[in-house]
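Read the structure below first, then the notes.
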Amino acid sequence: MDREWNDNQPIYRQLRDRVAAMLLDAVLKEGDPLPSVRTVAAEYRVNPLTVLKAYQELVDEGLVETRRGRGMYINSGALAMLLQAERKRFLTEEWPRICATIRRLGLTPAELPDYPADAAATSAANPQPDPANTTPPQEER
């Protein structure tokens, strides 16, 4: 995990987002234990209560479970839940801003960069309908 903090968001939220990113990137898998609160606090030089608050958000979202006396573990089905929530957030919060910027700059689909090859492979394995009703990415030739 990156050790730099951004001043635009609380540290506990950034920690939560980093754990979520590790799950999405398959660094953490369902059933894996999370590092202990004390370990994370010492490694990132933050208050243990900050780490605990981040972990509690993950518990509240149903992504992580607490096993008394054993620690916190990634729940079964957490990846699917996280993907659904992150896709919804992207399409409702980020995509409209991206589309507005594209329109504002007068860009055409031909001027946009090609869809990354590794993303295309992932997309082909998990096809999703295009809820934003935009032009699909061009396939590589």
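Quick notes
- Residue ID - modelled with the highest pLDDT, chosen from residues in the stretch 96-132 that are of a type in the set (Ser, Thr, Tyr) and over 21 Å from the mean Cα position of the chain (by Cα): THR101
- Any hit, the stretch 65-74, residues being in a helix (DSSP H, G or I) and modelled with pLDDT of 95 or more: no
- Listed by first and then second residue, the pairs with beta-carbon distance under 7 Å, at least 6 apart or on different chains, first residue in the stretch 27-52 and over 15 Å from VAL64 (Cα atoms) and aliphatic (A, V, I, L, M), second modelled with pLDDT of 95 or more and buried (at least 18 other Cβ atoms within 10 Å of the Cβ), are VAL40/VAL51; ALA41/VAL51.
- Residues being loosely packed, with under 12 Cβ neighbours inside 10 Å and either in contact with a Phe, Trp or Tyr (Cβ under 9 Å, 6 or more places away or on another chain) or basic (Lys, Arg) (or both) - total across the stretch 50-94: 5
The values are calculated or read from the model by the stated rules, or taken from the named source; none is laboratory data. These figures come from a predicted structure and were not determined experimentally. Every residue, glycine as well, gets a Cβ built from its backbone with ideal geometry; the counts of neighbours run over all protein chains shown.
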